[in-house]
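Read-outs: derived from the displayed coordinates by stated rules, not from any lab. Because the structure is predicted, anything quoted here is derived from the model rather than measured. Glycine gets a Cβ as well: all are built from the backbone with ideal geometry, and neighbour counts include every protein chain shown.
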Amino acid sequence: MSKPDIPKPKSPSELRLDLVSKDWVVIATGRAKKPETFKKEKREVMEEPKASCPFCHIDTQEKPTLIFFNGKRIKNSKTIPKDWTLIVVPNKYPAILPGESLRERAEGPYQIMDGIGFHEVVVTKDHVKDMSQFSPKEIKEVIDAYQERYLELMNEKFVNYISIFHNQGYEAGASITHPHSQIMAISVTDPDIQNSLISSRRYWDIHQKCIYCKMLKWDKEDGRRIVFENDEFIALCPFASRMAFTVRIYPKTHLSYFERTNEEQKLALSEVFQAVLLKLRKGLGNPAYNFFLRTSPCDGKDYSHFHWHFEILPRTSIQAGFEFGAGIEISTIEPEKAAEYLRTQ
Ligand SMILES: [Zn+2]
Ligand SMILES: [Zn+2]
């Protein structure tokens, strides 16, 4: 299929609409930087000493909910075995806590609800080696842990939504430098995903089709925003990227629930995940990054219109006043150029 000719923009930027979230983003095409300029040769790495690292002294943490050794689950272990490779523990300083009842109350015009739920930390063994240096097999272990904990937590009382995210590096908001992900199982759905759920439902109701599948079909034929793909998964820089070098990883077939991912799909996902994180590491010079899972809530309702995915946000720039004030983000590189650069890494 021939690539569409994009008319040269008259202004130094383009406003692009995210079809699902309906957010406008500014792609600064005129003053756009070359992809190479995002690469930092020397990054300041703030590293906590191993001696005072809470995750290197995992026995000081709460009782683990899951232990892996080389991808295999260690069951019924009374003490923590020395040779664990991945461990999940309840957060020692949780933002939310398990509870027996969910109290709601009003204070004047305001609504208050108890912060009930589960807050866990997924810790990989090495103090320094982060996921961008993992093998596909090591990434698979992390994905397996996400899924196992998801399947357990979704059956807990008052859990309607499970958020899984990873902050790597100081600029990405990681307070502990030892690589770890977080799982929050909560009673309410975060507004960002709520928007995407409502919008993709509306599209499904009108067209009997998934809006994400429609975008993926276009992006696959167009090719310019693809970063990496295999038979099952595709990684691309979204048309309306909120930040420079944003990458999303989607299952190629229409899947609505992350927790139902099968073994073969998890292997394929790990391959794509590893390739993308390594490309970002090489291309941008070991950036701090966040990634998070976007999947259907687990409140028992039907979300078969939704298409789950991971979103990866490397931290190449600092958000400024305009982003916070206007709620419109400015990406200083075109997603097409970002993807082209990452493909060659
Ligand atoms: Zn450590
Ligand atoms: Zn779909």
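In angstroms, what radius of gyration and Dmax does the range 50-186 have, counting Cα atoms only?
My reading of the Cα-based Rg and Dmax gives 16.2, 54 Å.
When the dipole is taken about the Cα centre of the chain, and only Lys, Arg (+1) and Asp, Glu (-1) are charged at their Cβ, what size is it in debye, to the nearest 20? Write down the numbers at each step before the final one.
On the way: 49 positive and 47 negative charges, 169 e Å.
So the magnitude is around 800 debye.
Could you tell me the ratio Rg/Rh of the chain? Both radii from Cα atoms, Rh via Kirkwood.
Ratio value, two decimals: 0.96.
Quick one: work out Rg over Rh on the C-alpha atoms of the range 161-245, Rh as Kirkwood radius.
Computed over Cα atoms, the ratio is 1.03.
Name the long-range amide H neighbours of L255: under 5 Å, sequence gap of 5 or more, or other chain; modelled H, no Pro or chain starts.
Those qualifying (amide H under 5 Å, at least 5 residues apart or on another chain) are W308.
Return the long-range amide H neighbours of G99 (sequence gap of 5 or more, or a different chain), with a cut-off of under 5 Å between placed amide H atoms.
Residues meeting the criterion, in which the H sits 1.01 Å from N, are G117.
Normalised by the empirical 2.2 N^0.38 Å for globular proteins, what value does the Cα Rg of the range 186-302 take?
The value comes to 1.12.
Under the rule that a partner needs its Cβ under 4.7 Å from the first Cβ, which Cys of the chain have none?
If one checks each Cβ against the other cysteines of the chain, C237, C298 turn up with nothing under 4.7 Å.
Counting Lys and Arg as +1 and Asp and Glu as -1, each charge on the Cβ, what is the dipole of the range 216-266 about the Cα centre in debye, to the nearest 20?
It comes to approximately 300 debye.
Give me the net charge of I198's neighbourhood, meaning all other residues with Cβ under 15 Å from the Cβ of I198; Lys, Arg count +1, Asp, Glu -1.
That sum, taken over residues with Cβ under 15 Å, equals -2.
What helices does the chain hold that run 30 Å or longer along their axis, going by alpha-carbon atoms, with a Kyte-Doolittle average of 0.0 or more, using DSSP H for the helix calls?
Values: long enough: 263-284 (31 Å, 0.12).
The answer, listed by residue number, is 263-284.
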